[in-house]
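The values are calculated or read from the model by the stated rules, or taken from the named source; none is laboratory data. Keep in mind the model is a prediction, meaning the values are calculated, not measured. With ideal geometry, Cβ positions are generated from the backbone for all residues, glycine too; neighbour counts draw on all protein chains shown.
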Amino acid sequence: MDVRTCIEKLGYVGVLNFATVDEYGAPQVRNISAIHYEGTDIYFLTARGKSFARQLYADGRVQISGYTRYKETIRVSGKAVEVPEDEQLKWRDILYQEQPYLENVYPGESKNIDTIFVIRDYTIEYFCLSTRPITREYFTVGNAVLKTKGYRITDACIGCGKCARVCPQKAVDKGNPKPYVIRQNNCLQCGNCFENCPVKAIER
């Protein structure tokens, strides 16, 4: 898997979930189909008066999620910025050409309420449930910084092997020099090893 393949898969999914946080700190999710992929840049359209746009103006952080028929989740986390005014018409025309239904939503001059945002710096999490063990991969695009997730086995491990026995994906191996290590690309991040370690040698 790689960045471009993930983007291609998002294009096949078509309608994606976009999540933001509103002014009250509550999560907000909406489905967006007016999306254009230009290399690794992700362009999308909304109306300036919508809550979605106001949340992007106020903060910019957005998370996008797509789910394929092959049980793959692709999650994009980044910051959306409004496209400069002198480029708005170019990208709006491209989105309207690719998504003809938009003419029914904003006919004629009403489309002037639209605005285009772009995401250039972001991380991708790819998570596939159709493999055994499962597959998890992370990628960065632009100047994005990846924040690690999941669990790791510390030096407090006594080598009892209980973590390996309780892992539903068998993603814990005997290590060297550590007694046991977690294969992060196959980890569900479910926390079963964390909860069952008798000496609390696993940390989140």
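The table below lists the values:
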{"quantity": "Every residue from the range 139-165 that is outside any strand (DSSP E or B), within 30 Å of Ile42 (Cα to Cα) and in contact (Cβ under 8 Å) with a residue 40 or more places away in the chain", "calculated": "Gly142, Ala144, Lys149, Gly150"}
{"quantity": "Options Gly142, Gly161, Gly150: the member that is farther than 25 Å from Gln63 by Cα, in contact with a strand residue (DSSP E or B) (Cβ under 8 Å, 6 or more places away or on another chain) and among the small types (Gly, Ala, Ser)", "calculated": "Gly161"}
{"quantity": "Hits in the range 63-104 (condition: touching a residue at least 12 places away in the same chain (Cβ under 8 Å), within 26 Å of Tyr126 (Cα to Cα) and part of a loop (DSSP other than H, G, I, E, B))", "calculated": "Thr68, Tyr70, Lys71"}
{"quantity": "Set Tyr96, Tyr122: member being of a type in the set (Ser, Thr, Tyr), under 18 Å from the mean Cα position of the chain (by Cα) and modelled with pLDDT of 95 or more", "calculated": "Tyr122"}
{"quantity": "Output for the range 36-58, where each listed residue is in a loop (DSSP other than H, G, I, E, B), touching a residue at least 40 places away in the same chain (Cβ under 8 Å) and small (Gly, Ala, Ser)", "calculated": "Gly49"}
{"quantity": "Every residue from the range 105-138 that is loosely packed, with under 15 Cβ neighbours inside 10 Å and outside any strand (DSSP E or B)", "calculated": "Val105, Pro107, Gly108, Glu109, Ser110, Asn112, Ile113, Leu129, Ser130, Thr131, Arg132"}
